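Take a look at the structure set out below.
The values are calculated or read from the model by the stated rules, or taken from the named source; none is laboratory data. As the structure is a prediction and not an experimental result, all values here were calculated from the model. Positions of Cβ are generated from backbone atoms using ideal geometry, with glycine treated the same way; all protein chains shown enter the neighbour counts. These accessible areas exclude ligands, DNA and RNA; they are computed on the full protein's heavy atoms, side chains included. Shrake-Rupley method; radii C 1.70, N 1.55, O 1.52, S 1.80 Å.
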Amino acid sequence: MKLVSYKTEDREHLGVYVNGHIYNLNSCDKLIPDNMNEFLQGGEVLMERAKKVDVQIKDGSLQAKEEIFYEILAPVPHPTSCRDGYAFRQHVAAARRNRKVDMIPQFDEYPIFYFTNHNAIQGTGEIECMPDHFEKLDFELELAVVIGKKGRNIKASEADEYIAGYMVMNDMSARTLQMEEMLLNLGPAKGKDFSTVIGPWLVTPDELEQYKVAAKDGHTGNAYNLKMTCRVNGIEVSSGNAADMDWTFAEIIERCAYGVDILPGDVIGSGTVGTGCFLELNGTGLLNDPNYKTQWLQPGDVVEMEITGLGALTNTITKADTDFSILKLKK
């Protein structure tokens, strides 16, 4: 099942995406709330009701009316929190190699994550950036999960049961701001807090069963053979696979939930896949060729991310009409 959030006029709604059409779930079953947050808080009971509607629409036993005029939103427009992991060893190793430093051994000891701005979640559409963001503006190709039920001190062996679904994620990054603040051993914050993109819909785990593979040796949890690609202005710049995650989402959730509650509507990203950002691609290019022409996102660029089974997430980069700069405020 593919769940979508969308807007008609000034109201947000919850729908199911079937064969290119959106159907309002509340119109099909009045016990299903008409927004994603309340729906996720209802847990497995409401999820099963939604799946029943999805099946009935697909087999024709329910004559539902499709939505015609709408604006598609992030699947979870108002997440309760947003964390981002660091699960792909290939990306971490390449980034460190490009900086001419050794691979950090702690990567293989435990999964890590950081909190980003859950109020800056976006879906398909325009991403408006400030002037300072264009100082090495970058995409990050990731996948993400949404938590579907409350939990605490969850073991990795049970953590996949807490996942309501999967999405494409673009962890937008302003690298100059990010690198500047992290010299002080805090962050990432201002380099990340302006936009995190998720979508185009929330895909329930049952749809990914056909892609399931074994987790890497010594790791626990579900893993999936999902091709991941990113195109900028129609040109493929990144290609990877979700099966290359070294730390599974189950293991990341185990760490997230240690001593704290995770809640329905929490979003957790995987971290960047290998080759999944210009920072890594530029570093590798310059390492191999000092004359390599680096690339960063520019106003008007169209970023398309696609993951097998999860759909394609498309955004256009725009520039705010202002000259306000916090980089110029430095003492």
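This table checks each residue for (1) of a type in the set (Ser, Thr, Tyr); (2) open to solvent by less than 20 Å² (accessible area, probe 1.4 Å); (3) in contact with a helix residue (DSSP H, G or I) (Cβ under 7 Å, 6 or more places away or on another chain); (4) in contact (Cβ under 8 Å) with a residue 24 or more places away in the chain.
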site	(1), (2), (3), (4)
Asp261	no, no, no, yes
Thr272	yes, yes, yes, yes
Thr275	yes, no, yes, yes
Ala312	no, no, no, yes
Ile317	no, yes, no, yes
Ala320	no, yes, no, yes
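Kindly evaluate Glu142 against the criterion of being within 17 Å of the chain's Cα centre (by Cα) and acidic (Asp, Glu).
Yes: the conditions hold for Glu142.
Please give the helices (runs of 4 or more DSSP H) falling wholly within segment 1-68 in which 3 or more residues are modelled with pLDDT of 95 or more, of a type in the set (A, V, I, L, M) and buried (at least 19 other Cβ atoms within 10 Å of the Cβ).
Values: elements: 25-28, 36-41, 43-59.
By residue number, 43-59.
If you scan segment 69-121, which residues turn out to be among the charged types (D, E, K, R), open to solvent by 80 Å² or more (accessible area, probe 1.4 Å) and free of Cβ contacts under 8 Å to residues at least 40 places away in the same chain?
The answer is Lys100, Asp102, Glu109.
Hey, can you tell me all the residues within segment 266-277 that are closer than 16 Å to Gly240 by Cα and outside any loop (DSSP other than H, G, I, E, B)?
Result: Gly269, single match.
For segment 124-208, please list each of the strands (runs of 3 or more DSSP E) lying entirely inside it that holds at least 2 residues being at pLDDT 95 or above and surrounded by fewer than 21 Cβ atoms within 10 Å (Cβ to Cβ).
By residue number, 125-129.
Among (1) in contact with a Lys or Arg (Cβ under 6 Å, 6 or more places away or on another chain); (2) on the phi > 0 side of the Ramachandran plot, where does Val203 come up short?
(2)
So, Glu280, is that one outside any strand (DSSP E or B), of a type outside the set (A, V, I, L, M, F, W, C) and surrounded by 20 or more Cβ atoms within 10 Å (Cβ to Cβ) or not?
Yes: the conditions hold for Glu280.
Against the definition (touching a residue at least 40 places away in the same chain (Cβ under 8 Å), among the basic types (Lys, Arg) and assigned to a loop (DSSP other than H, G, I, E, B)), how does Lys216 come out, yes or no? Write out each step before concluding.
Numbers: touching a residue at least 40 places away in the same chain (Cβ under 8 Å): no; among the basic types (Lys, Arg): yes; assigned to a loop (DSSP other than H, G, I, E, B): yes.
It is false that Lys216 is touching a residue at least 40 places away in the same chain (Cβ under 8 Å), among the basic types (Lys, Arg) and assigned to a loop (DSSP other than H, G, I, E, B).
Report the residue count in segment 243-257 for those that are open to solvent by 30 Å² or more (accessible area, probe 1.4 Å) and touching a Gly at 6+ places or on another chain (Cβ under 8 Å).
Looking only at that region, the number is 1.
Does segment 228-242 contain any residue that is open to solvent by 50 Å² or more (accessible area, probe 1.4 Å), among the small types (Gly, Ala, Ser), without any contact (Cβ under 8 Å) to a residue 60 or more places away in the chain and under 30 Å from Gly300 (Cβ atoms)?
The answer is yes, given that some residue of segment 228-242 is open to solvent by 50 Å² or more (accessible area, probe 1.4 Å), among the small types (Gly, Ala, Ser), without any contact (Cβ under 8 Å) to a residue 60 or more places away in the chain and under 30 Å from Gly300 (Cβ atoms).
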